[in-house]
Amino acid sequence: MIDVSFICLELLHYRNRLRAEYSVERSSSEFERQIVVTGGAGFIGSNLLLYLVPRYPHYLFVNVDCLTYAGNLSNLREIENLPNYRFEKVDICDFDNLKRSFERFRIDGIIHLAAESHVDRSITGPAAFIQTNVLGTFHLMEIVRESVSAGRSIRFHHVSTDEVYGSLEEQGYFTEATPYKPNSPYSASKAASDHLVRAYHKTYGIDTVTTNCSNNYGPYQFPEKLIPLMIRNALAGIPLPVYGDGGNIRDWLYVEDHCRAIDLVFHKGESGLTYNIGGHNEIRNIDLVRLVCRILDQLVGGDPKEKLITFVKDRPGHDRRYAIDASFIQEKLGWKPQYRFEDGLRKTVQWYLDNEKWLSDCISGAYLQYYQKMYQNR
Ligand SMILES: NC(=O)c1ccc[n+]([C@@H]2O[C@H](COP(=O)([O-])OP(=O)(O)OC[C@H]3O[C@@H](n4cnc5c(N)ncnc54)[C@H](O)[C@@H]3O)[C@@H](O)[C@H]2O)c1
């Protein structure tokens, strides 16, 4: 006998799928602009999408990310069901798939953040850095070049790092004119991608802007990076490893200030130019770790966390000092950081305390199941 209820259920699923596909197609053409954000499930990418998607309801944002260990879709819970957000699980190293993904939309802007981003990993395994950071950027530039030669207009915003400039002595700052001197496979791969973007502007007239930013901190940073690592270890009561003598200096910027700068440069930056972005917050690693400890002591109490600090063998090629001169973006576009360092840091520590589940899911790997749960059967 035929199971009528089973057939009805199947028909219902079929109808819903058709409706969903139809509404995606129809609605994407209604947006004023369609913008790809690559690496949107990473630390800065997810902060950027959380910042942009609600601010520009008339733009469609397509998050292109292949979800490496650093990609965490649960960061985007707040916006994942908004009508102007889509997710495409695509590896930028896979040219054919990337192209097919772009063909589903009428993209007129790309904000490119997808990268392998951890210096230590680049020292133990540089190949993935060359693949994603160099080859992946090349693929995107090629897709833009093809689209532009077919008469489309696309702005390409390349998000890069101050690490391409190498290391500073005690004096001086990186400006947009500082020569490139990368010292790690990570910074060398980012430098190569910056050069590619510049070359595509000069050679093919592609509309590009590049931003080179100092160290970011804030919510959703994967706990292998300095600040969340220290918070996580201090909460677990395990050693806080500090490289070398702890004297390396970084210039820290709260991630929301970076997102604001990207928004400005993407919309108003002059084609072909580079903008340095920095927080004017130079601090030695050891002083930063001590500050995190003091904030944690105030917020959670217990034994002084500073006692957990342990000096470990330095990283090879460890740059001594980075410091950005951000006067160009300030003069041209009126950007300056809004967060004072101590306020941003306190807010960050509080966020990790309020989101211990996020932190423990990162450590246990549970966040990797979020994609299967939310997207696999859609
Ligand atoms: N974190 C910083 O302090 C900082 C400072 C300046 C510049 N940047 C730059 O900003 C960008 C984002 O940095 P982040 O700290 O958010 O990095 P992240 O490692 O947290 O995130 C990278 C994201 O890219 C995705 N990705 C990696 N390889 C991919 C591939 N082949 N295809 C598609 N997606 C891929 C990952 O899944 C992840 O979601 C990077 O380009 C980095 O160089 C970072």
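Each reported figure results from applying straightforward, stated rules to the coordinates on display, with no laboratory input. Quantities reported herein were computed from a predicted structural model and do not represent experimental measurements. Using ideal geometry, Cβ is built from the backbone for each residue, glycine included, and neighbour counts are taken over all protein chains shown.
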Cα-based reach from residue 305 at 26 Å (exclusive), listing lysines while leaving out same-chain residues under 8 positions away:
225, 313, 347, 357
Neighbours of residue 131 by Cβ distance under 14 Å: Lys/Arg at +1, Asp/Glu at -1, summed charge -1
So for the pair residue 310, residue 171, with labels modelled 7 Å out along Cα→Cβ, what separation do we get in nm?
4.0
By how many nm would the segment from residue 299 to residue 96 grow when fully extended, if each residue of separation counts as 0.36 nm and the alpha-carbon distance is taken off?
68.1 nm
Quick check: net charge around residue 63, other residues with Cβ under 11 Å of its Cβ, Lys/Arg +1 and Asp/Glu -1?
-1
Fully extended, how many nm does the chain gain between residue 146 and residue 347 (0.36 nm per residue separation, minus their Cα-Cα distance)?
68.0 nm
Among residues other than residue 240 whose Cβ falls under 12 Å from its Cβ, what is the net charge (Lys/Arg +1, Asp/Glu -1)?
+3
Filtered hits (aspartates and glutamates, Cα-Cα < 13 Å from residue 99, offset >= 8 within chain) -> 88, 91, 142, 146
Förster radius 22 Å - calculated FRET efficiency between residue 236 and residue 130, Cβ distance, rounded to 0.05
0.05
Which angle between 0 and 90 degrees, to the nearest 10, do you get for helix 137-149 versus the longest principal axis of the chain when only C-alpha atoms count?
50
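Residue 364 to residue 118: extension gain in nm, 0.36 nm per residue of separation minus the Cα-Cα distance?
Separation in residues times 0.36 nm, less the Cα-Cα distance, equals 86.6 nm.
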Where a Cα-Cα gap under 17 Å defines reach, which lysines qualify for residue 181, not counting those fewer than 8 residues away within the same chain?
190
